1. Would you confirm whether any residue within region 371-386 is among the polar types (S, T, N, Q) and either in contact with a Phe, Trp or Tyr (Cβ under 7 Å, 6 or more places away or on another chain) or in a helix (DSSP H, G or I) (or both)?
2. Could you please give the count of residues in region 518-541 that are more than 23 Å from R80 (Cβ to Cβ) and part of a loop (DSSP other than H, G, I, E, B)?
3. When the residues of region 296-353 are filtered to those that are in contact with an Asp or Glu (Cβ under 6 Å, 6 or more places away or on another chain) and of a type in the set (S, T, Y), which remaining residue is modelled with the lowest pLDDT?
4. Name, by its number, the condition in (1) modelled with pLDDT of 95 or more; (2) over 22 Å from I205 (Cα atoms) that does not hold for G108.
5. Within region 197-214, restricting attention to residues that are farther than 18 Å from Q96 by Cβ and part of a loop (DSSP other than H, G, I, E, B), which residue is most open to solvent (accessible area, probe 1.4 Å)?
6. Just one of (1) part of a loop (DSSP other than H, G, I, E, B); (2) under 29 Å from S583 (Cβ atoms) trips up V431, so point out which.
7. If the Cβ limit is 6 Å and pairs must be 6+ apart or interchain, which residue in region 437-448 that is among the hydrophobic types (A, V, I, L, M, F, W, C) pairs with which residue that is outside any helix (DSSP H, G or I)?
Amino acid sequence: MTTQRTSGQRKQALAAAAAVAALLTTAACGGGNDDGGGSKNGAAGFDAANNKVAQASLAKKGGTLKFGGAQDADSWDTTRGYYGFMWNFARYYSRQLVTGKAESGSAGAEITPDLAVSTAKVTNDGKTYTYKLREGVTWEDGKPITSKDVKYGIERVWAQDVLSGGPVYLKDILDPKGEYKGPYKDTSKDKLGLKAIDTPDDQTIVFHLPKANSDFEEVLGLVSASPVRQDKDTKSKYSLHPFSSGPYKFQSYSPGKDLTLVRNPEWKQSSDPIRKAYPDKITVKFFSDANQMDQRLLNGDLDLDINQTGMSPQGRTTALKQHKANLDNPVSGYIRYAVFPQSVKPFDNEHCRKAVIYGADHVSLQTARGGPIAGGDIGTNMLPPSVPGAEGQKYDPYKLASDNKNGNAAEAKKELAACGKPNGFSTTIAVRNNKPVEVATAQSLQASLKKIGINAQIDQYDGSQTTGIIGSPENVKKKRYGIIIMGWGPDFPTVQGFGLPLWDSKYILPSGNSNYALIKDKTIDGLFDQYVTTLDDAGKTKIATEINHKVMEGGYYLPFVFEKFINWRSDNLANVYTTDNYSGAYDFVNLGLKSKK
């Protein structure tokens, strides 16, 4: 699950270091005088919604729920969206056969029926999945949602030439040989020619997997498995106005400016076991300046940040001092990291990659990200704590959290000599441009690498264009981006749901690529092939650990932190809780307001 945690204008970034220092001082003394309990202004209390539900009984029907964001979604098209907050928000206007439970903490990641009456009936040694649709499920114009709508929505994943950017698990699981060409090139009369899915009647849908995949139902819980009605498919323009199957529908959308959802009058509570649909209206305002947005949160003009990646240094310093009861400090499912594309010399040599890993000051990187409280523990490997098989800081092959936490120049010099660059080299760090914390991270890395003879210039690019800039291997090579600053959380909490798009060679794509390192390792590919057909949990956990070890041994990544963040909820927010389904973010789907504001 990609993320939108991006970096702001250069002058904001320069201010970030001072703000981080202030934050660390504040955090160390407990965040000012507030003991974290509920406050007079009606806030629930510090960490009151962290893996538990705050103010559930106070949620009222009505009012306008107001989001702000420092970045728009990569796409609001259910096929194309890959930002975590987009998947979270999309449950307002899209439904799936199954989805994550609307519950706090780890329970939120458990699969539960949505459009379907139950989870799958699984037969044929894990290769056949059968679902029945609920009665009364409808589109925003009142027409029934059928099994053919679900099939067509899934088929759109095959149209990568038109709809690139989203996850492609469904394509790889159901059609590993790539025989189906997608609905836009489908020669069958009804454009439903994907043989792996049968729709014997409008209420029944059957999936035929060529090989068992132990995570298939988790994949069907992603928004990329949402129904799309064929006569409403506007192809590449669908993001501008998706046709709703949920309790809310698009009223207006201006990309990069604002988005408004209103109630879908054809949605029936009786047909939907997940969604409570408390607010009458949901608005999102996008800001180019994250500090301006944080100030609007502090002022009470907005209820929460749609991006869900934590407040920026300036805002969170103020919030910890003056508004601690409005804050939660969850462990996110994200790893924040630098990655080294092997197409850009000298990072085709693992010793040059390892020189950067050893040369970096890991405490400085942690501080740039917000320190132990708002940044997280120093990252020592690439498997986040929510994924079975993760070992946390116990697995630290480069001793990043111990002996080498401030960098090890001697080891870095050895690696530079081994890769034929004893005097160092020059490279470019690519970083998104509209969140101060990310540019601060790049500047920290730049400073420590200079000490070992690696001269890195920083290129800030438009964060809203990520898929076409760093997601294009051709562009990365052309721009000579030797180091990319990025973050990733699980699409679903398994090594397949986290690591497959990052590390499997099948996932190297010409556009919307996430295997930025361009890893083509037969051992890693083979372990993933073994994982997906392993049905027992212990076996899956063991393979997950092995995959992580192989990735770290290759030196493809410099992990920064196992992320934590400081997140804001307004005084008027009710039924609010963090969920593992969206990597420690608040679950949007059943948020309510205490009063109709």
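The values are calculated or read from the model by the stated rules, or taken from the named source; none is laboratory data. Keep in mind the model is a prediction, meaning the values are calculated, not measured. A quick note on method: Cβ atoms are made from the backbone with ideal geometry, for glycine too, and the neighbour counts reach across all protein chains shown. These area figures cover heavy atoms from the full protein model, side chains too; ligands, DNA and RNA do not enter into them. Shrake-Rupley method; radii C 1.70, N 1.55, O 1.52, S 1.80 Å.
1. Yes, region 371-386 has at least one match.
2. Residues flagged as more than 23 Å from R80 (Cβ to Cβ) and part of a loop (DSSP other than H, G, I, E, B) within region 518-541 amount to 7.
3. S312
4. Condition not satisfied by G108: (1).
5. K211
6. V431 satisfies all of (1) part of a loop (DSSP other than H, G, I, E, B); (2) under 29 Å from S583 (Cβ atoms) except (1).
7. V439/S7; V439/V431; A442/I429; A442/V431; A442/I458; A442/I485; L445/A360
To keep it simple, each residue is scored yes or no on (1) within 30 Å of P255 (Cβ to Cβ); (2) in contact with a strand residue (DSSP E or B) (Cβ under 8 Å, 6 or more places away or on another chain).
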site	(1), (2)
A409	no, no
N434	yes, no
V437	yes, no
A447	no, no
D459	yes, yes
